[in-house]
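J.: I'd like to ask you about the structure that follows.
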Amino acid sequence: MSTQIAVRLPDEMVAFLDRAVAAGKAPSRAALVTSALEREMRRLVAEHDAELLRAQGTEDDLDDLVAWTATHVALEE
């Protein structure tokens with residue numbers, strides 16, 4: 001499902017969208033805006049994850065299992 005919205009953009013941004021579409025880099029203005037918003041959403045999630053790692057550290061409940069496995073399991077080549 002999608003919802004149509006009206007967004008006011010500066011002329012230079014609209015010109016950029018139009019050039020990208022004309023050059024075949026995007027099928028439409030909407031597709032390019034959608035792609036940019038999806039990228040920004042991923043960036044914000046990654047930023048949040050990085051903040052959690054900074055605050056809590058990288059240790060998790062599998063660290064002890066990995067340490068045990070490294071000293072008790074032989075890998076065949």
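The values are calculated or read from the model by the stated rules, or taken from the named source; none is laboratory data. Nothing here was measured: the structure is a model prediction, and the numbers come from that model. Neighbour counts run over all protein chains shown; Cβ positions are idealised from the backbone, glycine included.
J.: Of all residues being hydroxyl-bearing (Ser, Thr, Tyr) and surrounded by 10 or more Cβ atoms within 10 Å (Cβ to Cβ) in the range 33-63, which is farthest from GLN4 (Cα to Cα)? Just the residue, please.
T.: Only one residue fits best here, namely SER35.
J.: When residues of the range 12-32 are filtered for being under 20 Å from SER2 (Cα atoms) and in a loop (DSSP other than H, G, I, E, B), how many remain?
T.: Total satisfying the criteria: 3.
J.: Regarding ALA15, is this residue touching a helix residue (DSSP H, G or I) at 6+ places or on another chain (Cβ under 9 Å) and on the phi < 0 side of the Ramachandran plot?
T.: Criteria not met by ALA15.
J.: On to the next question. Right, VAL66: among the aliphatic types (A, V, I, L, M), within 23 Å of THR3 (Cβ to Cβ) and either part of a helix (DSSP H, G or I) or modelled with pLDDT of 95 or more (or both) or not?
T.: no
J.: Determine the pairs where a residue that is charged (D, E, K, R), located within the range 1-25, has a partner that is loosely packed, with under 12 Cβ neighbours inside 10 Å and not in a loop (DSSP other than H, G, I, E, B) with Cβ atoms under 9 Å apart, the partner being 6 or more residues away or on another chain.
T.: LYS25/ARG19
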